[in-house]
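The values are calculated or read from the model by the stated rules, or taken from the named source; none is laboratory data. The structure presented is a predicted model; accordingly, all values stated were derived computationally and were not measured. Glycine gets a Cβ as well: all are built from the backbone with ideal geometry, and neighbour counts include every protein chain shown.
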Amino acid sequence: MLTTNFSRYPKGTEWQKRFDIFGHGLFNSDFEEWTIQRKAARGFFTHTKFHQLTAKVVPEIIEKGLIPVFEQACNNDLAVDLQDLLKRYTFDYAMIIATGCNLKSLSVGMPEIPLLKALDYVGEVIFFRHIVPETLWKLQRLLRIGKERKYRDSWSVIDEFYQNVLVKQDEPRKDEESFNLLNLYLNRNDIIQPRDNDEEVMRDNVISTIFAGEDTTGAALSWFFWLLSKNTEAFRKIREEIKLNEAPKDANKGDEDRPRLFNFDELSNLVYLHAALCESLRLFPSIPYETRTPVQQDKLPSGHRVNEKTIVIISTYAMGRMETVWGEDCYEFKPERWITGEGRIKHEPSHKFFTFNTRPRLCPGKEVAFIVMKAITSAIIYNYDIQVLENHPVIPTLSVSLRMKHGLMVKINRKSY
């Protein structure tokens, strides 16, 4: 469907009307429009300045945002919602690369960010639109009642935020610090070329980048730490690997007592950590399902025929737990399945490990997602012990992304070496 017969299965109108808040951006586009936007996205995520920006801001968010919150929790013996902290971490990063603004949502005091709540509710309503009759949610939209009323309110919050950011970017800059998606649209360059519908595409891709960055990566990190709380041996192996690969401390800097952060060169050597993240994503994919609508009749490999306009649901969650795909131990958290005999990460084809979609719609931000996840997980695991509160309910929320309904309440203690 998504490789050999890719052209027969666009996202289509059924997808677009349910995900209408993302408009004409890459997330919703098909055919020639998708090809043009895909090229621009790849140019953005592979640009040298993008990697330089990521290498600068990710450690800053951890050091100035996460660590102070963790230290406060340690000093005062506080329970914290780890899912909320991780979500704010990925939100702040996504905001910087999309708009150049840092709202510093991850900070002591945990300021309320209306945009975060609005994006959460958008995800819930999109899921709602998939499970109820279309006539019902369209009637709610027409009458402005129920979930659709709050959806419109959330849309207003998102648009107001975007307009405020746009005003601040009225004079596009060209310095290195301003390398972000919005500025690239405003500034014009060889990555993003002028288009007839630039204003709409610019808005839709900026919002899509924020939503995808904070929602999917934050959810993935939450399930990862929950799985580690159930698999102490995997936690121990990750911590040992980090210690083995850390660079010597500079005694002249006087940072012996400060929490240790890891640069990207060190992170690239953390094979077992990478494998554990892949295994977590296999069991708890950030986007648990995909839908497609064929533009013409087709026959699936299973022998089933699908007609034009048939909605086909691909359950990423179920695929990660199929014995025929992953073997008899498919329900086990087993990072070793991702490591070759030579100690490298084992490549699994994207149509098998579907978490980041598959070619040619493979997520352009896949590699940076792993960098962002490895940076914060290594800092937390090396410096702290995380204990999930006893009897804390951990169940998925009903949303387009696989988040925890009640968060992940934990106690944090400093780790002494």
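Regarding the stretch 247-256, can at least one residue be identified that is closer than 24 Å to Val368 by Cβ and without any contact (Cβ under 8 Å) to a residue 12 or more places away in the chain? Among the residues of the stretch 247-256, not one is closer than 24 Å to Val368 by Cβ and without any contact (Cβ under 8 Å) to a residue 12 or more places away in the chain, which makes the answer no.
Working only within the stretch 322-332, note down all residues that are in a helix (DSSP H, G or I) and surrounded by 11 or more Cβ atoms within 10 Å (Cβ to Cβ). Passing the criteria: Val325, Trp326. Of all residues in the stretch 268-282, those that are without any contact (Cβ under 8 Å) to a residue 60 or more places away in the chain and surrounded by fewer than 23 Cβ atoms within 10 Å (Cβ to Cβ) have Cβ atoms under 6 Å from Cβ atoms of residues that are assigned to a helix (DSSP H, G or I) and polar (S, T, N, Q), 6 or more apart or on another chain, in Asn269/Asn245. Within the stretch 287-321, being hydroxyl-bearing (Ser, Thr, Tyr), crowded, with 16+ Cβ neighbours inside 10 Å and not in a loop (DSSP other than H, G, I, E, B) holds for Tyr289, Thr291, Thr316, Tyr317.
Figure legend. Inter-residue proximity from the stretch 233-245: first residues more than 19 Å from Glu266 (Cβ to Cβ), second residues among the acidic types (Asp, Glu), beta-carbon distance below 9 Å, spacing 6+ or different chains. Indicated pairs: Ala234/Glu279.
Among the residues of the stretch 76-112, those identified as of a type in the set (Lys, Arg) and in a helix (DSSP H, G or I) are Lys87, Arg88. Among the residues in the stretch 386-405, are any outside any helix (DSSP H, G or I), among the acidic types (Asp, Glu) and out of contact with any Lys or Arg (no Cβ under 8 Å at 6 or more places or on another chain)? Yes, the stretch 386-405 contains at least one residue that is outside any helix (DSSP H, G or I), among the acidic types (Asp, Glu) and out of contact with any Lys or Arg (no Cβ under 8 Å at 6 or more places or on another chain). Since Asn75 meets every condition but one in (1) within 19 Å of Ile191 (Cβ to Cβ); (2) free of Cβ contacts under 8 Å to residues at least 60 places away in the same chain, which condition does it not meet? Here Asn75 clears every test but (1).
Taking the condition farther than 16 Å from Thr3 by Cβ, at pLDDT 90 or above, part of a loop (DSSP other than H, G, I, E, B) and within 24 Å of the chain's Cα centre (by Cα), does Pro349 pass? So Pro349 fails the test. Is there a residue being touching a Pro at 6+ places or on another chain (Cβ under 9 Å), more than 17 Å from Gly213 (Cα to Cα) and either assigned to a helix (DSSP H, G or I) or among the β-branched types (Val, Ile, Thr) (or both) anywhere in the stretch 39-50? Looking for residues that are touching a Pro at 6+ places or on another chain (Cβ under 9 Å), more than 17 Å from Gly213 (Cα to Cα) and either assigned to a helix (DSSP H, G or I) or among the β-branched types (Val, Ile, Thr) (or both), one finds none in the stretch 39-50, hence no. Would you confirm whether any residue within the stretch 367-376 is in contact with a Lys or Arg (Cβ under 9 Å, 6 or more places away or on another chain), of a type in the set (Phe, Trp, Tyr) and either part of a helix (DSSP H, G or I) or surrounded by fewer than 20 Cβ atoms within 10 Å (Cβ to Cβ) (or both)? No, the conditions are met nowhere in the stretch 367-376.
Within the stretch 33-57, the set of residues being β-branched (Val, Ile, Thr) and closer than 14 Å to Ala98 by Cα comprises Thr54, Val57. Asp120 satisfies every condition listed in (1) surrounded by fewer than 23 Cβ atoms within 10 Å (Cβ to Cβ); (2) assigned to a loop (DSSP other than H, G, I, E, B); (3) of a type outside the set (Phe, Trp, Tyr) except (2). The residue that is nearest to Phe44 (Cα to Cα), among those in the stretch 14-31 that are buried (at least 18 other Cβ atoms within 10 Å of the Cβ) and aromatic (Phe, Trp, Tyr), is Phe27. All of (1) more than 29 Å from Leu66 (Cβ to Cβ); (2) touching a strand residue (DSSP E or B) at 6+ places or on another chain (Cβ under 7 Å); (3) of a type outside the set (Asp, Glu) hold for Val295 with one exception: (2). Residues in the stretch 21-63 that are more than 13 Å from Pro364 (Cα to Cα) and touching a Ser or Thr at 6+ places or on another chain (Cβ under 7 Å): 2 in all.
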